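I have placed the structure first, in the form of structure tokens, so that the comments after it can refer back to it.
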Amino acid sequence: MNEATWDDRYRLGIAAIDRQHRQLFDLIADLNGLIAVHAGAGEIQAVLQRFQRWAEMHFAAEETLLSVTGYPGHDSHGEEHARFLATLERNIKLIASRPLAITQTDISALLTDWLRAHILKNDREYLPHLRASIRDLP
């Protein structure tokens with residue numbers, strides 16, 4: 001199983017964003033715990049839907065921050081979020097309608113791998129801009 005554990009390499013230094021990222025990791029850990037004990041499909045679906053809601057909320061907050069600070073990559077960052085949410089939605093529906101079409105460990109790996117890569121690459125790209133923008137605030 002793909003271990004989803006928060007550690008300091010994912011820390012961006014923006015408290016609200018770091019808290020939201022940590023919550024997403026915690027939800028993946030919850031999912032992994034349910035998978036490990038062979039929980040029912042309903043419990044798995046509930047965690048996936050909570051993850052989806054948290055991701056939507058986090059993405060909206062992050063995109064607002066990037067927009068109000070005039071981050072030049074705002075649109076492409078938002079498009080990356082939208083693609084992930086579409087993939088997540090497809091997989092949640094697939095698990096609900098055809099549980100054997102994708103394994104629960106596959107969805108866990110998808111969430112973990114995407115979140116790790118997104119934070120370490122995409123989110124780190126906006127840090128210099130945000131640091132300069134925040135420093136320039138009155």
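Coordinate-derived values only; no laboratory data. Just so it is clear, the structure is predicted and the values come from calculations on it, not from any experiment. No Cβ is skipped: glycine too gets one built from the backbone with ideal geometry, and neighbour counts run over all protein chains shown.
Report, in degrees rounded to the nearest 10, the 0 to 90 angle that the Cα long axis of helix 74-97 makes with the longest principal axis of the chain.
10
What span do the alpha-carbon atoms of the chain cover on each of the three principal axes, reported in whole Å from largest to smallest?
Its Cα atoms span 53, 27, 20 Å along the three principal axes.
Work out how much length Ala39 to Arg22 would gain on full extension: take 0.36 nm times their residue separation and subtract the Cα-Cα distance, in nm to one decimal. Don't skip to the end; give the middle numbers.
Values: separation 17, 0.36 × 17 = 6.12 nm, distance 2.33 nm.
In short, 3.8 nm is gained.
What whole-number distance in Å separates the alpha-carbon centres of region 60-100 and region 24-44?
21
At a Förster distance of 22 Å, what's the computed FRET efficiency of Ala86 paired with Asp7, Cβ-Cβ distance as r, to 0.05? Present the calculation step by step, with values, prior to reporting the outcome.
Values: r = 28 Å, r/R0 = 1.29.
The calculated FRET efficiency here is 0.20.
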